[in-house]
Amino acid sequence: MCGSELHSLPEGVQRVARALQDHGHPDAPVMLDGAARTAQQAADALGVAVGQIAKSIIFRRKADDAAVLVVTSGDRRVDEKKVRALVGDTGRADADFVKSRTGFSIGGVSPIAHAQPPVTLIDRELFRFEEIWAAAGHPHGVFKLRPQDLERLTGAPVADVVEEPKP
């Protein structure tokens, strides 16, 4: 993707595209016809398993009001107790907090190119897949990557942050 193609994309997707370019990532964001606000919507639109969707969940750390980003597999639920054990006491983040800290609206929060760098944790369950997809800064925008790319792009640790799957 060259500079002129970026201008037709929403601002958040432009930020993500630039960050991917800056890191030499081979895949640029793509815009889906329909919104992919949920992992299931994104998986359906892309024709992939819901677990291959890297969903970005934002929490608010109580000690310093920092944004805590947990990037988790779309078929898993974050275990807030596990997150608190790793980063300290957290609470829910409302839409205004998410937008002000990340620069993205809920439903399009990318794991990269945040307005303010968050404390980030990567769900180890994403490593079950060779290829995953993440939001690209807009409810219609996504980009392809490998779990190892996510680790490299964010510099974040891989951790056990999800509830145990129900049998």
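The values are calculated or read from the model by the stated rules, or taken from the named source; none is laboratory data. Fair warning: this is a prediction, and the values are worked out from it, not measured in the lab. With ideal geometry, Cβ positions are generated from the backbone for all residues, glycine too; neighbour counts draw on all protein chains shown.
Just give me the residues in region 15-59 being touching a helix residue (DSSP H, G or I) at 6+ places or on another chain (Cβ under 6 Å), over 19 Å from GLU130 (Cα atoms) and modelled with pLDDT of 95 or more, in sequence order.
Of everything in region 15-59, those that are touching a helix residue (DSSP H, G or I) at 6+ places or on another chain (Cβ under 6 Å), over 19 Å from GLU130 (Cα atoms) and modelled with pLDDT of 95 or more turn out to be ALA17, HIS23, ILE58.
For residues that are polar (S, T, N, Q) and either in contact with a helix residue (DSSP H, G or I) (Cβ under 6 Å, 6 or more places away or on another chain) or over 17 Å from ILE106 (Cβ atoms) (or both), tally how many sit in region 60-90.
Let us first name the residues in region 60-90 that are polar (S, T, N, Q), namely 72-73, 90.
The next check asks that each one be either in contact with a helix residue (DSSP H, G or I) (Cβ under 6 Å, 6 or more places away or on another chain) or over 17 Å from ILE106 (Cβ atoms) (or both); those that pass are 73, 90.
Qualifying residue count for the region: 2.
Go through (1) free of Cβ contacts under 8 Å to residues at least 40 places away in the same chain; (2) part of a strand (DSSP E or B); (3) of a type in the set (A, V, I, L, M, F, W, C) one by one and return the number of the condition ALA115 breaks.
Only one criterion in (1) free of Cβ contacts under 8 Å to residues at least 40 places away in the same chain; (2) part of a strand (DSSP E or B); (3) of a type in the set (A, V, I, L, M, F, W, C) is unmet by ALA115, namely (2).
Inspect all residues belonging to region 55-66 and state whether any of them is in contact with a strand residue (DSSP E or B) (Cβ under 8 Å, 6 or more places away or on another chain) and among the small types (Gly, Ala, Ser).
Filtering region 55-66 down to residues in contact with a strand residue (DSSP E or B) (Cβ under 8 Å, 6 or more places away or on another chain) leaves 55-62, 66.
After this cut, where a residue has to be among the small types (Gly, Ala, Ser) as well, the list is 56, 66.
Yes: one or more hits.
Going by what's in this entry, would GLY12 be described as closer than 18 Å to ILE122 by Cα, touching a residue at least 24 places away in the same chain (Cβ under 8 Å), in a helix (DSSP H, G or I) and not basic (Lys, Arg)? Full working, then the answer.
On the way: closer than 18 Å to ILE122 by Cα: no; touching a residue at least 24 places away in the same chain (Cβ under 8 Å): yes; in a helix (DSSP H, G or I): yes; not basic (Lys, Arg): yes.
Taking the combined requirement at face value, the residue does not satisfy it.
Just to be sure, is VAL68 assigned to a strand (DSSP E or B) and of a type in the set (A, V, I, L, M, F, W, C)?
Working: assigned to a strand (DSSP E or B): yes; of a type in the set (A, V, I, L, M, F, W, C): yes.
Yes; evaluated as a whole, the condition is true for this residue.
Within the bounds of region 36-59, is there any residue that is in contact with a His (Cβ under 8 Å, 6 or more places away or on another chain), touching a residue at least 12 places away in the same chain (Cβ under 8 Å) and among the basic types (Lys, Arg)?
So the first thing to find is which residues in region 36-59 are in contact with a His (Cβ under 8 Å, 6 or more places away or on another chain), and the list is 36.
Remaining after also requiring touching a residue at least 12 places away in the same chain (Cβ under 8 Å): 36.
Next, only the ones that are among the basic types (Lys, Arg) stay: none.
No, region 36-59 contains no residue that is in contact with a His (Cβ under 8 Å, 6 or more places away or on another chain), touching a residue at least 12 places away in the same chain (Cβ under 8 Å) and among the basic types (Lys, Arg).
Suppose we keep only residues that are among the small types (Gly, Ala, Ser) and surrounded by fewer than 18 Cβ atoms within 10 Å (Cβ to Cβ) within region 46-65. Which one would you say is farthest from PRO165 (Cα to Cα)?
Here is the first cut: in region 46-65, the residues among the small types (Gly, Ala, Ser) are 47, 49, 51, 54, 56, 63.
Going one step further and asking which of them are surrounded by fewer than 18 Cβ atoms within 10 Å (Cβ to Cβ), we end up with 47, 49, 63.
On the way: GLY47: 23, ALA49: 16, ALA63: 30 Å.
Restricting to residues being among the small types (Gly, Ala, Ser) and surrounded by fewer than 18 Cβ atoms within 10 Å (Cβ to Cβ), the top hit is ALA63.
Could you list all residues from region 92-118 that are modelled with pLDDT of 95 or more and among the small types (Gly, Ala, Ser)?
ALA93, ALA95, SER100, GLY103, SER110, ALA113, ALA115
Looking at the structure I just gave you, is VAL142 in a helix (DSSP H, G or I) and within 13 Å of the chain's Cα centre (by Cα)?
On the way: in a helix (DSSP H, G or I): no; within 13 Å of the chain's Cα centre (by Cα): yes.
So VAL142 does not fit the description; no.
Quick one: ARG92 ticks every box in (1) over 26 Å from GLU131 (Cα atoms); (2) surrounded by 15 or more Cβ atoms within 10 Å (Cβ to Cβ); (3) not aliphatic (A, V, I, L, M) except a single one, so which number is it?
(2)
So, of the residues in region 26-45 that are over 22 Å from LEU153 (Cβ atoms) and among the acidic types (Asp, Glu), which turns out to be surrounded by the fewest Cβ atoms within 10 Å (Cβ to Cβ)?
Ranking the qualifying residues of region 26-45, first place goes to ASP33.
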